[in-house]
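Note sheet for the following structure.
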Amino acid sequence: MLMFGVSTARIIQAKFMDPIDSAKEIMQPKRGLLISKAWIQAVVVVGLCGFLLLGILAYRTYTDEPPIPSKVLRSNGELLFTGQDVLAGQEVFLKNGLMETGRSPVE
C-alpha cells in the first residue's frame, strides 16, 4: 500500500471538494511578526529624524560662511594680517586653482 503524507492526502481530498472549502483547508493561518510593531515604528522615527538632521546640517554647511576676523595681532600688539588679507588670499587661491594641486600660494 502506498503511503502519503498528511499534507498530500489533504491536497488530494481538496481536489474533490468545493473550491472555497478546499482553499480554507489548505491555507494556513498567517504567522505573526518576529518583532513588535513598536520596534518598527521606533526604527522608522529614528531614521526619519536622522535624515532630517542630516539635511539641516548639510543646508547650514553650504549657506553659512566661516568667521573671518577683522584683524589678527601678535602678542606684542603688532598687526599680523587683516580680514582683507584673508579675502585677497582666498581670491588668489581660487583664481590659480590651487585646490586642484593641494599647494599653497606661499611655496
- [ ] Those residues that are surrounded by 10 or more Cβ atoms within 10 Å (Cβ to Cβ) and either farther than 30 Å from Gly89 by Cβ or among the hydroxyl-bearing types (Ser, Thr, Tyr) (or both), I need them from the stretch 52-72; list them, please.
- [x] Leu52, Leu53, Leu54, Gly55, Ile56, Tyr59
- [ ] Among the residues of the stretch 42-100, count how many are assigned to a helix (DSSP H, G or I) and either among the hydrophobic types (A, V, I, L, M, F, W, C) or touching a Gly at 6+ places or on another chain (Cβ under 8 Å) (or both).
- [x] 22
Open item on the list: Name the residue that is modelled with the lowest pLDDT, counting only residues in the stretch 14-37 that are in a helix (DSSP H, G or I) and surrounded by 10 or more Cβ atoms within 10 Å (Cβ to Cβ).
Closed with: Ala14
TODO: Kindly check whether there is at least one residue in the stretch 38-51 that is loosely packed, with under 10 Cβ neighbours inside 10 Å and modelled with pLDDT under 90.
DONE: no
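The values are calculated or read from the model by the stated rules, or taken from the named source; none is laboratory data. From a predicted model like this one, the values you see are computed outputs, not experimental measurements. Note that each Cβ is placed from the backbone with ideal geometry, even for glycine, and that neighbours are counted across all protein chains shown.
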